[in-house]
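Engineer: Structure below; questions to follow.
The values are calculated or read from the model by the stated rules, or taken from the named source; none is laboratory data. Here the structure is a predicted model, which means the values were calculated and not measured. Positions of Cβ are generated from backbone atoms using ideal geometry, with glycine treated the same way; all protein chains shown enter the neighbour counts. Just the protein is used for accessible areas: all its heavy atoms, side chains included, with ligands, DNA and RNA removed. Shrake-Rupley method; radii C 1.70, N 1.55, O 1.52, S 1.80 Å.
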Amino acid sequence: MIPHREVYWNIEGHLLIYLFLVIALIFFFYGYYRLYKYWRIGQPRDLSGHAWERIKSVLVNAFGHARVLRETYPGIMHFAIFWGFLVMVVGTIIVMLEADLGFKLIYGNFYLYFMSLGLDMAGLAAIIGIVMAIIRRYVLRPGRLDNKPDDAWSLILILVILITGFVLEGLRIAATRQPWDVWSPVGWLIAGWLGPAAPWQETLHRVLWWAHMALALGFIAYIPFSKLSHIFLSPLNQYYRSLEPKGALIKLDLENEEAESFGVAAVEQFTWKDLFDAEACTRCGRCRDNCPAHLSQKALCPKKLIQDIKGELEIKAPVLLSATAVGVEGQAAEAAASSEAVQSIASRVLIGEAVSEEEIWTCTTCRSCMEQCPVFVEQVPKLVEMRRYLVLTESRFPAEAQTAFRNMENNGNPWGVGWANRADWATELGVKVAAEDSDMEILYWPGCAGAFDDRNRRVATAMVKLLQAAGVNFGILGTEEKCCGDSARRLGNEYLFQMLVEENVETMKGYNVKKIVTQCPHCYNTLKNEYPQFGGDFEVVHHTQYLLELVSSGRLKVQKPLGKRITYHDSCYLGRYNDIYREPRQLLQAAGGTQVLEMERHHNRSFCCGAGGGRMWLEEREGQRINIMRTEQALATNPEVVCTACPFCLTMLGDGLKDKGLEEQVAAMDIAEILAGAV
Amino acid sequence: MQIAVCLKQTFDTEAKIKLTGDGQIDSAGVNLIINPYDEFAVEEALRLKEKLGGEVVVVSVGPAQVQESVRQALAMGADRAVLVSDPAVAPSDHSQVAAVLAKVLQSEPFDLILSGWVAIDDNAAQVPARLAEKLNLPQVNMAVKIEIGGGKATVTREAEGATEIVEVPLPAIITAQKGLNEPRYPSLKGIMQAKKKELKLLTAADLGAELGASQVKILQYSLPPARQAGKKIEGEPVDSARELARLLREEAKVI
Amino acid sequence: MGKDVFIFAEVKAGQLRKVAVELLSHGRAVADQFGGQLVAVLVGQGVGAAAAACGQYGADKVLAADSSELATYITEPYAAVVGQIIAENQPGVFLAGNTMLARDLFPRVAERVKAGLVTDCTGMTLEGGNLVFTRPIYAGKALTKVQVESSPVMATIRPNALGVAEVAARQAEVVQVAVTIPAEAKRVAIKEVQRRESKRPELTEAEIIVSGGRGMKGPENYVILEELADVLGAAVGASRAAVDAGWRDHAFQVGQTGKTVSPNLYIACGISGAIQHLAGMGSSKVIAAINKDPEANIFNVADYGIVDDLFKVVPALTQEVKKLVQES
């Protein structure tokens, strides 16, 4: 006898299900259509093309759960629910195909392995996942989760559907005993408990079956109106994620002289993708657990930010949509528009209402939230867009930022030291300046810190000595170099940024610069990823990469490694933004001669020093000081040297050590200084 | 309320000062900014306008590149500007500059004339007072707070070792001291709008200003000796403290 | 053209200000050169004692405008009196100390009498029979020599710039000037004067700032800086490190993100001299630094540096300054 099961056993009139399914699907599609209309109030953004790359991203991140699995408990939990459910959906479709389209699939081994054992295991996995979720959400209660009724309903609904499914299976098995029943182990066990076949079982089965169906269809209808909407939105959001370099912010068109407003002040000024982000967010809170601003008790919480944007969208979109819909029809428009309540909603701004200015300025743009978000929500660009509004349209920002802006404007560096002094550090070192001799293998870009900051000048000096020792033909722009513009752009001052970029690009093109080496990850990121937006196409290399190349090729020989306990701090703009993790460690291994001590947070989980996103120039008034937190994390490895590869990190961690009174025991050093001491 | 702001363009505070071959101040490559004290005046004018309505007119004297600074004031929110650009006006002769400004300011009625109390380049602090004298207006210098009401201004001003609150009938000339306000940073919107605002370029002749002969003659510019690496004072704390006090008094003449 | 040298001899609390003494003593030689008289001009109320003292510093004559209407300085009444004195006496030279009062008064007077004026001078020499003034411009980054081609030649000269020259005392005739202030000059009325004798000056306006950084070790130690500040009439500042540590209020922070100051004297105690700090005080005319770290960057910009424990040096310095103040 071929193992088989009768579909719709004990059920009469199952075709009614299709009617109900149609009703459920109407709700389902209406629900998503409603959301679709919401996103459409956003501004255009072209994210078409690169289909294969995008599909790969979905395969890896949705089906493969690559990011979700970075955390064990929630990772396994969600993986079990996702795959359990997916397998069962496939099983359900097969049942439909068999019952009403004449397929003969539920036979033999396929029946035993997949439809029986496979689906049972999937169901079990899903139940385990759901139970884990319930335990996590209501017993373990991690701080990053907030509970809404929707969370409970969604979990209960899924759990009840799964359990009723298994009970149904048990009832069927109890009534129709077959030799292969054991292939459905869960149903078989339940059947065992139910005892010998009895008429009440058939009655219960029939009632339960319809209840199960009602719940399942209700579930489908409920999806787009609940957090369950993420089932489809998250993969779509993964599909539509930005494929631009991670470190490139969108170029703002400043040529438009008619523009009344720049940046984002109201929710509909975001792009559709930003609004999609808000809808795709599952409130998992991983961003929050990795946000230095939040962890240091500041106003910003990336999860809350996205949820607040979503909340604003849901209040405002229906009003804006009805206003335009009515507007088309004419007369009724006046009546609708004159309604004060509608007007007041339609004119709502985001900043100062749903999102406070404090939140906006607290972000260090460290990208930790974006790096950890399983569904690729883009928090940082949204904050920058709001900063753009505040700076470019309202001219409202922390007072210290004004000083930095003025300094960059007048002297091309945020410190405001006279531009004419920019090359002073290099004069004694005999570094050639492009204006005198522009024939060079590489242009060395010390950046403002390397040129002006006393501590970082020592790093620039170490770099020069290394380049000279390796016999590299290099030079600097000297007084013609200006701030790369990173801080200006990330503080929202796109106008100043573009001014600086244009001058730098023109200067470098004038000297036919091909390759740039810099020790500053901020300069590196901006020159490499953002200058191409302005016609500045140069090969940009970070000093960790270049120095490693010099060491590997033997142009630099390590004679006496430092031999101390060294911990390495990943700079956000080097690591998370540009995926440079290997080179500094390899270089450090060579120059230090010892195994690099890893802090608890390293690589893409590294913790910001507090200076990114222009925060270097702002006061940190609220909460704990981020640089102190990072210093403490570094000290936990019991190092003798805290090594950085970024001038801002060096300053922040150096200050942190001083604050701890440990500057004599533990040194903060740039990787170039360590290498310079070793060759 | 019609408010005029007299504005001077100066070298950036961080500018490196060099001399040209013929011993003049070399302005090549130097960043030019609004004299910071005049910027306080612009800001104050804008705040008064926001409160009381009216118009803010920026008035300046200097070469063509002063337009940039004037545009910046317009970007901050001033309504229009007049720039007298005339090589015949010697910037070092404050009486001539005041004469030109006076002509502009007499050409239409103003309720209030504001400016910085001093310019950071020549540190002379003469033009506002000379202008007040030429226009026969009362003047109040070094204001840190200005309130307008009932046809008069109540001004809190810095005096030596004291803060004074004075009343002056309008029209009057009031000069700004640091602390009066924090000047705004022009928004991009403001910068865009400023491009379309009226900026009238005039010469001294257009105004019929009589300049007269310059009363001051600059004989020479020179650079001070480069900042020495500094004296390190050695010895026991008590001795080094005594020596420091002596040097500050007798050599540096600062205490 | 007049030959007499007039000195605006400012009176404070009934006494001649020190700068008036300096100018009188140096004006003597100028008057001798020009073959004119040295005349002290005193304006105010109760200037009699000060007027009587002028001869001691070389004045030939004293013009005293003593009136209750001149009790408190206001630009226009003073300008009216001084303008009238110039009109009546036609001096060849009229000098004042570069005090807040004279900086306010002299430009207005100069315009009234159509004279050229040089303010904020740090030097005055006689060259070829002409007075040549030296003055710093661009925050001291350049110097200029200036000659005034009007009569009178007017100038304000910084206190302490010339010092007191030795002159033989004379018997100076004190002439009372009849004070008539036109109604038009009384447009500005003083409503209130808040003296801040006990309080320290505002950071941004202070001529001397005593500032402390991380080397202060704790908020309680600032008292030694305050004591020094009080004998100097100075303000007390702090570096970002000290403010970040919560030792001082942000209002007292000097630097990039705090106040930008350019006092005549900046005494940096336990401040390393990070670039962001230098951005706020680098334009100080004289910088003195006390820091136990000989490598501290502050020593690269300091005119005077003491490498030692500030907790020993600062109290000693306070004592030394006190002695100097008592002597003068």
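Engineer: Could you work out the mean count of beta carbons from other protein chains within 10 Å of each residue's beta carbon in B:14-24?
Structural biologist: Average neighbour count from other chains, rounded to a whole number: 4.
Engineer: Using mean Cβ contacts within 10 Å as the protection proxy, how do B:96-103, A:623-630 order, highest first?
Structural biologist: The packing order, highest mean first, is B:96-103, A:623-630.
Engineer: Rounded to the nearest 100 Å², what is the sum over both chains of accessible area buried where B meets A, with a probe of 1.4 Å?
Structural biologist: Buried surface at the B/A interface: approximately 1900 Å².
Engineer: Right, something else. Considering only DSSP beta bridges whose two residues both sit in the stretch B:66-178, what percent are antiparallel, to the nearest 5?
Structural biologist: 65 percent
Engineer: Hey, another quick one. The stretch A:386-435: which GluC sites (Glu not before Pro) are DSSP loop and have at most 16 other beta-carbon atoms within 10 angstrom?
Structural biologist: Filter output for the stretch A:386-435: A:Glu428.
Engineer: For chain B, what is the calculated [θ] at 222 nm in deg cm²/dmol (nearest 500), taking -39500 (n - 2.57) for each run of four or more DSSP H residues and dividing by its residue count?
Structural biologist: After summing the helix terms and dividing by residue count, I get -8000 deg cm²/dmol.
Engineer: Restricting to DSSP loop positions (anything but H, G, I, E, B) with no more than 13 other Cβ atoms inside 10 Å of their own Cβ, which chymotrypsin sites (Phe, Trp or Tyr not before Pro) remain in the stretch A:76-152?
Structural biologist: Numbers: sites: A:Phe79, A:Phe82, A:Trp83, A:Phe85, A:Phe103, A:Tyr107, A:Phe110, A:Tyr111, A:Tyr113, A:Phe114, A:Tyr138; in loops: A:Phe103.
Loop-located and lightly packed - A:Phe103.
Engineer: Summarise the partner chain shielding of C:314-321 as one whole number: the mean count of Cβ atoms from other chains within 10 Å of each residue's Cβ.
Structural biologist: Mean number of neighbouring Cβ atoms from other chains: 6.
Engineer: Something else: Could you work out the relative contact order of chain C, using alpha carbon pairs under 8 angstrom and six or more residues apart, expressed as a whole percent?
Structural biologist: Relative contact order comes out at 14 percent.
Engineer: For the peptides A:633-645, A:250-262, what is the packing order when you average, over each peptide's residues, the other Cβ atoms within 10 Å and list the highest mean first?
Structural biologist: In decreasing order of mean packing, A:633-645, A:250-262 become A:633-645, A:250-262.
Engineer: Please calculate how many Å² of accessible area the stretch C:1-96 carries per residue, with a 1.4 Å probe and no DNA, RNA or ligand atoms counted.
Structural biologist: Per residue, the stretch C:1-96 has an accessible area of 32 Å².
Engineer: Related question: Net charge around C:Thr75, counting only other residues with Cβ within less than 9 Å of its Cβ (Lys, Arg = +1; Asp, Glu = -1)?
Structural biologist: -1
Engineer: If DNA, RNA and ligands are ignored and the probe is 1.4 Å, what is the ranking of B:His94, A:His542, A:His4 by accessible area, most exposed first?
Structural biologist: Descending order: A:His4, B:His94, A:His542.
Engineer: At most 16 other Cβ atoms within 10 Å plus a DSSP loop assignment makes a site exposed; report the longest stretch of chain B without any exposed GluC sites (Glu not before Pro).
Structural biologist: Values: sites that count: B:Glu160, B:Glu198, B:Glu210, B:Glu234.
Between the exposed loop sites, the longest stretch runs B:1-159.
Engineer: Right, here's the next one. Name the long-range amide H neighbours of B:Lys200: under 5 Å, sequence gap of 5 or more, or other chain; modelled H, no Pro or chain starts.
Structural biologist: The list, which skips near neighbours in sequence, is B:Ala81, B:Val82, B:Leu83.
Engineer: How do B:75-81, A:534-540, B:59-65 rank on mean C-beta neighbours within 10 Å, highest first?
Structural biologist: Sorting B:75-81, A:534-540, B:59-65 by mean packing, highest first, produces B:75-81, B:59-65, A:534-540.
Engineer: Right, here's the next one. Quick one: what are the phi-derived ³J(HN,Hα) couplings along the stretch A:3-8, Karplus 6.51/-1.76/1.60 with θ = phi - 60°, whole Hz, x for glycine and proline?
Structural biologist: So the Karplus estimates, Gly and Pro as x, are x, 6, 9, 7, 7, 6 Hz.
Engineer: With runs of 4+ DSSP H residues as the only contributors, calculate the mean residue ellipticity of chain C at 222 nm using -39,500 (n - 2.57) per run, divided by the residue total and rounded to the nearest 500.
Structural biologist: Counting only the DSSP helices, I get -9000 deg cm²/dmol.
Engineer: I'd like the residues of the stretch C:91-112 whose 1.4 Å-probe accessible area shrinks by no less than 20 Å² going from the isolated chain to the full set of protein chains.
Structural biologist: Buried-area filter returns C:Met100, C:Arg103, C:Asp104, C:Pro107, C:Arg108, C:Glu111, C:Arg112.
Engineer: Which sequence of A:Arg70, A:Arg387, A:Arg455 reflects their accessible areas, 1.4 Å probe, from the largest down? Let's see the in-between values first.
Structural biologist: Numbers: A:Arg70 100, A:Arg387 0, A:Arg455 55 Å².
From most exposed to least exposed: A:Arg70, A:Arg455, A:Arg387.
Engineer: If you don't mind, another one. Name the shape class, rounded, prolate or oblate, that the alpha-carbon gyration tensor gives for the stretch C:203-327, where a ≥ b ≥ c are the square roots of its eigenvalues, rounded holds for a/c under 1.5, and otherwise prolate holds if a/b is larger than b/c and oblate otherwise.
Structural biologist: rounded
Engineer: Measuring with a 1.4 Å probe in the full set of protein chains, what accessible area per residue, in whole Å², belongs to chain B?
Structural biologist: That works out to 40 Å² per residue.
Engineer: Which aspartates and glutamates, if any, have their Cα less than 12 Å from the Cα of A:Lys310, not counting same-chain residues under 8 positions apart?
Structural biologist: Qualifying aspartates and glutamates at Cα under 12 Å: A:Glu268, A:Asp274, A:Asp277, A:Glu279.
Engineer: Still on this structure, I have one more. Spin-label point model (7 Å from Cα, Cβ direction): what's the C:Glu327 to A:Leu204 distance in nm?
Structural biologist: If labels sit at C:Glu327 and A:Leu204, their model points lie 10.9 nm apart.
Engineer: Quick check: from the Cα gyration tensor, does the stretch B:2-207 come out rounded (a/c under 1.5), prolate or oblate?
Structural biologist: rounded
Engineer: Report the Cα centroid-to-centroid distance between the stretch A:505-528 and the stretch B:148-174 in angstrom, as an integer.
Structural biologist: Here the two parts' Cα centres lie 53 Å apart.
Engineer: With a 1.4 Å probe, what is the total accessible area buried between chains A and C, in Å² rounded to the nearest 100?
Structural biologist: That pair of chains buries around 1200 Å² in total.
Engineer: Sticking with this structure for a sec: Based solely on C-alpha atoms, express the radius of gyration and the Dmax of the protein assembly as shown in angstrom.
Structural biologist: Rg then Dmax for the protein assembly as shown, in Å: 38.7, 142.
Engineer: Here's something else I'd like to know. For peptide A:373-386, compute the average count of partner chain beta-carbon atoms within 10 Å of each residue's beta-carbon.
Structural biologist: 0
Engineer: Helix A:72-100 versus the longest principal axis of chain A: what is the Cα-based angle in degrees, 0 to 90, to the nearest 10?
Structural biologist: Compared with the principal axis, the helix lies near 40 degrees.
Engineer: Please list, ordered by chain and number, the residues whose modelled amide H lies under 5 Å from the amide H of C:Cys121; skip anything fewer than 5 residues away on the same chain.
Structural biologist: Excluding prolines and chain starts, which carry no amide H, the hits are C:Thr156, C:Ile157, C:Arg158.
Engineer: Skipping prolines and chain starts, which residues have an amide H placed within reach, meaning under 5 Å, of the one on B:Asn141, given they are 5 or more residues away or on another chain?
Structural biologist: When sequence neighbours closer than 5 places are left aside, the close amide H contacts are B:Thr175.
Engineer: Hey, another quick one. Share of antiparallel DSSP beta bridges in the protein assembly as shown, in percent to the nearest 5?
Structural biologist: Of those bridges, close to 30 percent are antiparallel.
Engineer: A follow-up question, please. Give me the 1.4 Å probe accessible area per residue for the stretch A:267-393, excluding ligands and nucleic acids, in Å². Please list the in-between numbers first.
Structural biologist: Values: 4130 Å² over 127 residues.
The answer is 33 Å² per residue.
Engineer: Using a 1.4 Å probe on the heavy atoms of the protein chains only, list every residue of the stretch A:247-292 that has 20 Å² or more less accessible area in the complete assembly than in its chain alone.
Structural biologist: Residues losing area: A:Leu254, A:Glu257, A:Glu260, A:Phe262.
Engineer: If each Cα of chain A is one equal point scatterer, what is log10 of I(q)/I(0) from the Debye formula at q = 0.10 Å⁻¹?
Structural biologist: Ignoring solvent entirely, the Cα scatterers give -0.99.
Engineer: Ok, one more. Let a ≥ b ≥ c be the square roots of the eigenvalues of the Cα gyration tensor of the stretch A:36-176; is it rounded (a/c under 1.5), or, if not, prolate (a/b larger than b/c) or oblate? Kindly include the intermediate steps, with their values, before the conclusion.
Structural biologist: Values: a/c = 1.98, a/b = 1.30, b/c = 1.52.
Note, shape of the stretch A:36-176 comes out oblate.
Engineer: Additional query: What is the magnitude of the charge dipole of the stretch C:138-243 about its Cα centre, with +1 placed on the Cβ of each Lys and Arg, -1 on the Cβ of each Asp and Glu, and no other charges, expressed in debye to the nearest 20?
Structural biologist: So the magnitude is around 340 debye.
Engineer: What does the helix-only formula give at 222 nm for chain A: each DSSP H stretch with n ≥ 4 adding -39500 (n - 2.57), the total divided by the residues, and the result rounded to the nearest 500 deg cm²/dmol?
Structural biologist: -16000 deg cm²/dmol
Engineer: Continuing with the same structure: Given B:Lys178/C:Lys259; B:Lys145/B:Lys189; B:Lys8/B:Lys51; A:Lys251/A:Lys514; C:Lys18/C:Lys141; A:Lys227/A:Lys304, which pairs have Cα atoms separated by over 18 Å?
Structural biologist: Exceeds cut-off: B:Lys145/B:Lys189; B:Lys8/B:Lys51; A:Lys251/A:Lys514; C:Lys18/C:Lys141.
Engineer: Further question: Please compute the net charge surrounding A:Ser116, taking Lys and Arg as +1 and Asp and Glu as -1 over other residues with Cβ under 15 Å from its Cβ.
Structural biologist: Working: positive: A:Arg5, A:Arg172, A:Arg177; negative: A:Glu6, A:Glu98, A:Asp120, A:Glu169, A:Asp181.
Residues near A:Ser116 contribute -2 overall.
Engineer: Counting only other residues whose beta carbon sits under 15 Å from that of A:Leu59, what net charge do I get with K and R as +1, D and E as -1?
Structural biologist: Net charge around A:Leu59: +3.
Engineer: Further, regarding this structure: Between B and C, buried accessible area summed over both sides at probe 1.4 Å, in Å² to the nearest 100? Mind showing how you got there, number by number?
Structural biologist: Values: alone 14590 and 16390 Å², together 24120 Å².
Buried area (both sides, nearest 100 Å²): 6900 Å².
Engineer: Please compute the contact order of the stretch C:9-81 in relative form: average sequence separation of alpha-carbon pairs under 8 Å and at least six residues apart, divided by the residue count, as a percent.
Structural biologist: Relative contact order here is 31 percent.
Engineer: Taking all protein chains as present, what is the carbon and sulfur share of the accessible area of chain A, in % to the nearest whole number, probe 1.4 Å? Write down the numbers at each step before the final one.
Structural biologist: Numbers: 16390 of 27470 Å².
Here carbon and sulfur together make up 60 percent of the probe-accessible area.
Engineer: OK, next. At a 1.4 Å probe radius, carbon and sulfur cover how many percent of the accessible area of chain B? Intermediate results must be reported in sequence, preceding the final value.
Structural biologist: Values: 5090 of 10100 Å².
Carbon plus sulfur share of accessible area: 50 percent.
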